[in-house]
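Taken together, the values in this text are just the output of simple stated rules run on the coordinates, not laboratory data. Note that the coordinates shown come from a computational prediction; the quantities given were computed from them, not determined experimentally. Cβ placement follows ideal geometry from the backbone for every residue including glycine, while neighbour counts extend to all protein chains displayed.
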C-alpha cells in the first residue's frame, strides 16, 4: 500500500533507536550545562519573512513552505540560529548563553544511509552578547572537542578558518567585493569537489584566470596550524587589513584552544568557507576521520570528508537584521548534527550485538492459577503506588510459561507470583528471571525486598 | 517591526518556562515508564493521505498543509494517534505499549491565555494488541489519575463513556445509522454549549423533535456512576444490543478503576462523546476543577468545563485502515495535553515568586586582578575536565564586583578566585556566594572540596 511510508527523507525512530538517541542527547546536554547554558524552545515554523534572505540563494531553495490557508505565510525552520537571533531581538536580550535541541527541515536530496535527512536534529549552543576577542569562539570549539571525545566515535578534526581572512584573501587576489559571497560559496564546495571543478565555477562566475589561480594557490596550501605564522610573514598579503585581522584573530584563537586542551584536534584550513551567508568571523567544522569518502570520479585520488558532524562560527550581524535600531548583538555558536553520530552508534550497537533495553520494568506480576486477574491488578497497583515499575499480562488467565518468557524477553529482572497459597499466607513468591531462583516474601516486606533486589541483582 | 513575532497561536519558551516544562515532562515520563512503556518518534509531517479521513470533517479543516513544492503532498501531524497507528501497521507490530511526547499542529482559533495553541505538546500513552475486556482501558484511566495526582494541580474529574452505548442510545432513540457520527459530534459540544443549542443543531441535521428530545432526556441525566446500574435496569434500552454491551463494559471498567484506586475521580457521563471519528469503545476526558468557565451568554447559569487536560479512548479500527489485509490491531490510549497544566504551573510559580534556576553552573571562576584571563581559562578548563559545571567572565579584565554580582544573580553557589597570591601558593580561594565566607584550598584538593561543598552547601 502506498500509504505505508514516512515522507521522503524522513524516518521513524523505533524504541531501540530512541534509547541510543537519548544516550547521545544526554552526553550533549551534559556538556552544554557544564558550560553554564540555559535552554529555550521556538515554534517549528516561523513567519516566512523571518527566514527570508538569511541563508543565501542555495539555502533558501531548500526551505519548506506551508500552504497559504489564509492568514500568515509560514515556513518550517531551516536551522536553529535564525530563530535564536529572532528571539534575542524580539526580547531585547543583550547577552545569553543558550542551547536548543530540536528538529530542522531542509528539502535537500536525502542520502539516508550517510545520515542526510530532510528532517533532522540540530543541537545548538550559542553565546550572544559582548565578549573580548576569541574567548567565546574558543569555548564553542572546546564544546565540539568535549562532545566528540565523550561520544567515543574515533578520531576527529576540527577545521577552523576566518571569514575576514577569506574576504582579505579575495580582495588581495583581485575579486570584486560584490562577488565575495558567491566566490566564498564556491570555495565551500572544495570538501566535496576537485579544485579544477571549483576553478571552472569561479571562472563561470566572472573571475579572470589569474585571479582564480591566485586564490587556488592559497586555498590549496597544506592544512596546518603553522600556516598562520607563515601567512603573517607574507608581507604582500599583510598589506590587506582584513586578511591581517583574520590571521591575528586566528592566532589568538589557536592560543585559547591550546589552553582549553583542544588544540590536538584543531586544524587551520584556508579552504573551509561554510555555506551560510550570515557568518562574519571565525568559522569551524568538525569531521570524523574514517568517515571520509573518496571523491566520486577517481577512488585513488584526493580524499574528501562527507563526515561533517558539527559546524558553526561567528555571526555578529544577524540579530541586527531583526532590530529596528540596528542594535548589534555579537553572537557565536556551534551546531552538532546528531544524525550521523547516531548512525555510527546504531551500527556499532548492531555490530556488538548489544542488548538495548527499551523499557525499565522492574517487576512482572504473574500467576500460575486461573481467576487471579483481580489479585494481579491489586498487586500491580500496590507496586505502582510504591514507585516500582511493574506490569502484568492483559489476559484474564495467561499461561505461566508465557508470563515467564515475556519477563525473559523484556529483561524484566523480577517476577512476583501470586496464587491461592500466597494469598492465604499474605506473601508473594519473587522469582529472579536470570537465576530462576524463587523466594517467598511476606507482603509487608515486598517493596523493600524488591528495591533491594533491583539494587543488587546478583545477591 | 512586523517581523518580530512568532506565528499566530504559537510561542517561544523562555529558559524559566523550559525549566517548568521539563518538570512536567519528568512526572509524565516517569509514570509512563512505571507502566512499562517504551517510546518512539515519528516525523512532524506525514503524507497527506495518511491523515485524510481520520479526524472527521471538523478536524480535517484544521490540518496544516505544506505547499506543493514538487514531490509528495504533506501535512503537519494533527495528533500522535494516527502516526502511531501508521507505525504499527507499517512495521506489522501485533502488540506494543508506547509513549510519545511531541508537538502537534491544529489551525484552530487560538485562545492562548486559556492554554489553547496552534502548536502544542501531546503526551500520549497507548496500548496496541489483544487484551481481555476493559483491562487496558482501565490502565489508561489509572495513568491519568496518577499524573494529575502527581502534578498536584487540585481536584479533577475523569469523565467516562462508551461509544457503543452512545450508538445504542441513538439507535434506541430512533436516529438513522448514517447520522450516528454527526449526532455524536453534536453531543460532544455539550460541554461547551447549552442543550437548547445542541438540540437545535440536531434538528438542523435532520432529526425529528421526538428523537432529539428522547436523546436529551438521556444525555442530561445527572452524571453518576450509579447511573450504570440504573440504565442496566432500563428494560426498554436493554433491548438494544449495543447499549447493553456498552453498559456492561462500563460496569467492568468501573470495577477495575476501583481496584486501581482511581474510582474516586471517575464519573460516568452519558453526555461525553469526544470529537474524533476513530473511537470505537470506551472514551474518557479529564477536567480540572476550578478550571471551569461559565458559558458565554449568561454567567449566572450552567457551568461548563474548558479545562480538559487529558482525553482518549479505544480505537480498534484505526490500524486496520492502514493494513492491506485489514489486519485488526485493537488499541486504546490517552493523550495528556500539557499546555494547560503548564499554564497553571507557570502562574503558580509566578504567584509564589519561586526562584527557578535556569542554569546548573556550580562554580564561577573569577579574579580580582588584571591579566588573569589565561589563568582563568586554565582553571575553568580544569574544572570542566573534572565534570564540574563552571563558567567565567568573557571580558579580559572584568571587575571583581561584576563577577560576584553575576554569581549572586545566577545563584552560582561557589566562586573560585585566583590572583598572584593563589598562583604562587598553588591554591584557589573558594567563596560561598550565599554566606560570602572564603576559604583557601590547595589546587590538589580543589575538585574534591568543590564537590563536597556542592553536596552540603550549608557546611
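Below, the figures for the structure above:
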{"read-out": "Percent antiparallel among DSSP beta bridges (both partners in chain B, rounded to 5)", "value": "80 percent"}
{"read-out": "Sequence of A:101, A:417 once ranked by neighbouring C-beta atoms within 10 Å, starting from the fewest", "value": "A:101, A:417"}
{"read-out": "With Cα atoms, 0 to 90° folded angle of helix A:338-351 axis to chain A main axis", "value": "50 degrees"}
{"read-out": "Kirkwood Rh and Cα Rg combined as Rg over Rh, evaluated for segment B:158-219", "value": "0.92"}
{"read-out": "Ratio Rg/Rh, restricted to segment B:92-143 and using Cα atoms, in which Rh is the Kirkwood radius", "value": "1.13"}
{"read-out": "Order of B:456, A:14 - criterion: other Cβ atoms within 10 Å of each residue's Cβ, fewest first", "value": "B:456, A:14"}
{"read-out": "For a label point 7 Å along the Cα-to-beta-carbon line of residue A:189, residues of segment A:210-252 with backbone N under 16 Å", "value": "A:212-213, A:216"}
{"read-out": "Pairwise FRET efficiency - residue A:108 versus residue A:4, Cβ, R0 = 22 Å, nearest 0.05", "value": "0.40"}
{"read-out": "For residues of B:384-394, the mean tally of beta carbons on other chains within 10 Å", "value": "4"}
{"read-out": "Percentage relative contact order, chain A, counting C-alpha pairs under 8 Å, at least six apart", "value": "15 percent"}
{"read-out": "Fraction of alpha-carbon pairs over 15 Å apart in segment A:378-420 - percent", "value": "45 percent"}
{"read-out": "Chain B: calculated mean residue ellipticity at 222 nm from DSSP helix runs of at least 4, using -39500 (n - 2.57)", "value": "-11500 deg cm²/dmol"}
{"read-out": "Estimated FRET transfer efficiency when R0 is 56 angstrom, pair residue A:178-residue A:456 (beta carbons, to 0.05)", "value": "0.20"}
{"read-out": "Radius of gyration, Dmax [the protein assembly as shown; alpha carbons; angstrom]", "value": "31.3, 103"}
{"read-out": "Cα Rg, Dmax, segment B:46-185, angstrom units", "value": "17.9, 51"}
{"read-out": "Neighbouring partner chain Cβ atoms per residue of A:61-73, average, 10 Å criterion", "value": "4"}
{"read-out": "Burial ordering of A:120, A:194, fewest other beta-carbon atoms within 10 Å first", "value": "A:194, A:120"}
{"read-out": "In degrees, nearest ten, helix B:446-455 long axis to first principal axis of chain B (Cα)", "value": "40 degrees"}
{"read-out": "Scaled radius of gyration (Cα, divided by 2.2 N^0.38 Å) that segment A:323-419 gives", "value": "1.89"}
{"read-out": "Ellipsoid semi-axes in whole angstrom, largest first, where each is sqrt(5λ) of the Cα gyration tensor of segment A:111-233", "value": "29, 21, 16"}
{"read-out": "Cα gyration tensor category, rounded, prolate or oblate, for segment A:1-84 with a/c compared to 1.5", "value": "oblate"}
{"read-out": "Principal-axis tilt of helix B:163-173 within chain B, Cα atoms, nearest 10 degrees", "value": "30 degrees"}
{"read-out": "Kirkwood Rh and Cα Rg combined as Rg over Rh, evaluated for chain B", "value": "1.11"}
{"read-out": "Rounded to 5, percent antiparallel among DSSP beta bridges of segment A:305-415", "value": "50 percent"}
{"read-out": "Inter-chain Cβ neighbour average for residues B:258-265, partner chain, 10 Å", "value": "3"}
{"read-out": "Contact order relative to length of segment B:343-434, as percent, for alpha carbon pairs under 8 angstrom and 6 or more apart", "value": "32 percent"}
{"read-out": "Net length gained if the chain between residue B:132 and residue B:426 were fully extended (0.36 nm per residue, minus Cα distance)", "value": "98.8 nm"}
{"read-out": "Under 18 Å from the residue A:49 label point (7 Å along Cα→beta-carbon), backbone N, segment A:325-339", "value": "A:325-327"}
{"read-out": "Extension reserve of the residue B:149-residue B:60 stretch, reckoned as 0.36 nm per residue once the Cα distance is removed", "value": "28.7 nm"}
